[in-house]
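Below is one structure, written out as structure tokens, with a few remarks after it.
The values are calculated or read from the model by the stated rules, or taken from the named source; none is laboratory data. This structure is a prediction, so every number in the text was calculated from the model and none was measured. Every residue, glycine as well, gets a Cβ built from its backbone with ideal geometry; the counts of neighbours run over all protein chains shown. Heads up: the accessible areas ignore ligands, DNA and RNA and are worked out on the full protein's heavy atoms, side chains in. Shrake-Rupley method; radii C 1.70, N 1.55, O 1.52, S 1.80 Å.
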Amino acid sequence: MENNLLVERLSLQAESFQEGFKILIQSGSFNELVKNFRHLLRANFIITNLHLLHKKSYDSNWKIIAPSGQFDESDITLLNHQDQQSLIYYGEKKYNAVIILPLSDSSYLGILLGNRLDGSAFSDFDKITLQILLQVFSSAYESFLNQQKEKKLIFELNEKVMQLSNLIDTGIEISRFDKHNILFEMAIERMVSLTNSSSALVSISEIDGNTRGMYIIFPVAVPVESILDSPYKIESSFEFRKKIYRFILSEKETRRGVTHFNDLDKLLLEAITRQVKAGIENDYLLKESIEKEQMEKEIRIAAAIQQRIIPKELPRIEGFELSGINIPSKEVGGDYYDCIDIGNGKYALIIADVTGKGIGAALLVNTLNAALYSYLEFQLPLTEMTDKLNKLIYNSSPSDKFITFFIAVLDSKTGNLDVVNAGHNPVLLLRKDGRLEKIEAGGIGLGMLDLGIPYQGQTLIMNPDDRLFLYTDGIPEAMNKNEEEYSDPRMIDFFVSNSDCSASEFIQAIVKDVNRHVDGAPQSDDITSLFLKRI
């Protein structure tokens, strides 16, 4: 009878435990998390003193985080001298309970629970409640650590996006004058020495003449005008990368005074000018080659990362057939699909399409994948999770990038489907009796806007012989050489006509049908699809 009463009392408190967990996981820092936990403890136990301490490892010292009431430093010895085989000690002289709670990162939380105001000891119900609250804190702390890892990942991924954007968007047009100056200075010094010139300069200017040129002079004290206006001068020039490089020698010196340059001087000047041009071209080509090699390396890395997140094998779902495919149009694509086993016979089916292709799209796919695995672990409502994903993608992507996204959580035991469609193509559900339903409930694509507009979810039931078809726009928009699209009507007709096939047969069949339509034309977009059939 007493055990039944305990169970009933704990059942009544279950909702408060859940609310407590929600409060804890909203904490912005570790100190805030501990202080919020202190409030939960005070709300459940009416006690005189309550102190929470933390240490980063087994051998480190305890640090007081959230004292409440009178705290004596000597009380730390209660935590230092406890038998490490146990975690909770009841009936200490000054405290009703002394707790050492190991955390998932090998740190420890120490809790000193004071005596009750009425002087009574903890009841069995109090002890069970305390055990549950400790489990709630442990779970919340693990969630806190995951959030910190997620922030670090987003930072690294954002940092990676910026780096790759600079490689792609920054041209090789900019001349590196600070590096070329040494080459120019050495060249004009040699020209002066070989031709007995009194002075020389290099003029570098834009071909269009809109930008004022720069000059390198030898000797440096000679005015530019005296060289340009000299009646005794020769020059040679070349153009490269929309710039004009002029090399001018002034006033050939002889024993008899200043005179005109001869043909040999002209040949020497032109020869050195050609050497300088070759040096600039070689430097440019070398840098271009290095940057191209680096870019190709980055693309290979991005492609390898993306291939690891596209599932090589989908999970087997009892009572269902499932098959999927992803065919990128480039080495690195922007489409993504997955089926994630989230336990208890439930599976999350996901399909997404990032605007644009290439490295930037691949990085956003990686961000989405990492966030999905993190959020699904906590089994948030799909609408709430989609809102979090929208904020995440909005804050970690440029304004011209967003993701169309569809997610369905399938309960394989009941056939229940919870779905959200965030700006993605309508997902098709074909009933056994031939009725076709389009699933569009949701909201805008991830990362388009962050206006706080809630996403709408939808609940459906998949009955035996019902079929679900998920796809990206690479299928209906696939074009042949005459720029004719495969089209939504043709895709829907094919789905209705061929959905009796097995899941894998259907996926292979629709890809073949798209290829027949395209008839050898270059693939313009990624082709991605999932097919789910209840048997």
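Quick notes on this structure:
- Within the stretch 509-524, tally of residues that are closer than 23 Å to A408 by Cβ and touching a residue at least 24 places away in the same chain (Cβ under 8 Å): 2
- Among the conditions (1) out of contact with any Gly (no Cβ under 7 Å at 6 or more places or on another chain); (2) modelled with pLDDT under 90, L33 misses just one, which is (2).
- Of all residues making up the stretch 424-438, the number that are open to solvent by 40 Å² or more (accessible area, probe 1.4 Å) and either in contact (Cβ under 8 Å) with a residue 24 or more places away in the chain or under 21 Å from Y337 (Cβ atoms) (or both): 5
- Of the residues K56, K63, the single one that is surrounded by 11 or more Cβ atoms within 10 Å (Cβ to Cβ), farther than 29 Å from Q18 by Cβ and without any contact (Cβ under 8 Å) to a residue 24 or more places away in the chain is K63.
- Test: residue in the stretch 262-269 that is of a type outside the set (K, R) and in a loop (DSSP other than H, G, I, E, B): yes
- Annotation: of all residues in the stretch 509-523 being surrounded by 14 or more Cβ atoms within 10 Å (Cβ to Cβ) and farther than 21 Å from G434 by Cα, the one that is nearest to the chain's Cα centre (by Cα) is Q523.
- Among the conditions (1) open to solvent by 40 Å² or more (accessible area, probe 1.4 Å); (2) modelled with pLDDT under 95; (3) touching a helix residue (DSSP H, G or I) at 6+ places or on another chain (Cβ under 9 Å); (4) not hydrophobic (A, V, I, L, M, F, W, C), the only one that E483 does not satisfy is (3).
- Scope the stretch 236-286; condition charged (D, E, K, R) and touching a helix residue (DSSP H, G or I) at 6+ places or on another chain (Cβ under 8 Å); matching residues: R241, K252, D265, D283
- Considering residues of the stretch 445-471 that are β-branched (V, I, T) and modelled with pLDDT of 95 or more only, the residue nearest to M385 (Cα to Cα): T459
- Matching residues in the stretch 444-462 - criterion: being touching a Gly at 6+ places or on another chain (Cβ under 9 Å), part of a loop (DSSP other than H, G, I, E, B) and open to solvent by 60 Å² or more (accessible area, probe 1.4 Å): I444, M448, I453, P454, Q456
- Residues in the stretch 447-489 that are under 18 Å from K512 (Cβ atoms) and either in contact with a Ser or Thr (Cβ under 8 Å, 6 or more places away or on another chain) or of a type in the set (G, A, S) (or both): F469, Y471, T472, G474, I475, P476, E477, A478, M479, S487.
- Selection status of G213, over 14 Å from L201 (Cα atoms) and open to solvent by less than 70 Å² (accessible area, probe 1.4 Å): no
- Filtering the stretch 362-369 for residues that are buried (at least 21 other Cβ atoms within 10 Å of the Cβ), in contact (Cβ under 8 Å) with a residue 12 or more places away in the chain and not in a helix (DSSP H, G or I) leaves an empty set.
- Residue check for D418: open to solvent by 40 Å² or more (accessible area, probe 1.4 Å), assigned to a strand (DSSP E or B) and more than 24 Å from P328 (Cα to Cα): yes
- Filtered residues of the stretch 457-483 (kept if in contact (Cβ under 8 Å) with a residue 12 or more places away in the chain and over 23 Å from C339 (Cβ atoms)): E477, A478, M479, N480, K481
- Conditions (1) surrounded by fewer than 18 Cβ atoms within 10 Å (Cβ to Cβ); (2) modelled with pLDDT under 90; (3) in a strand (DSSP E or B): number failed by F71: (3)
- Selection within the stretch 247-288 - open to solvent by 60 Å² or more (accessible area, probe 1.4 Å), aliphatic (A, V, I, L, M) and touching a residue at least 60 places away in the same chain (Cβ under 8 Å): V258
- Residue match in the stretch 89-108 (condition: farther than 19 Å from R42 by Cβ, touching a helix residue (DSSP H, G or I) at 6+ places or on another chain (Cβ under 6 Å) and part of a helix (DSSP H, G or I)): no
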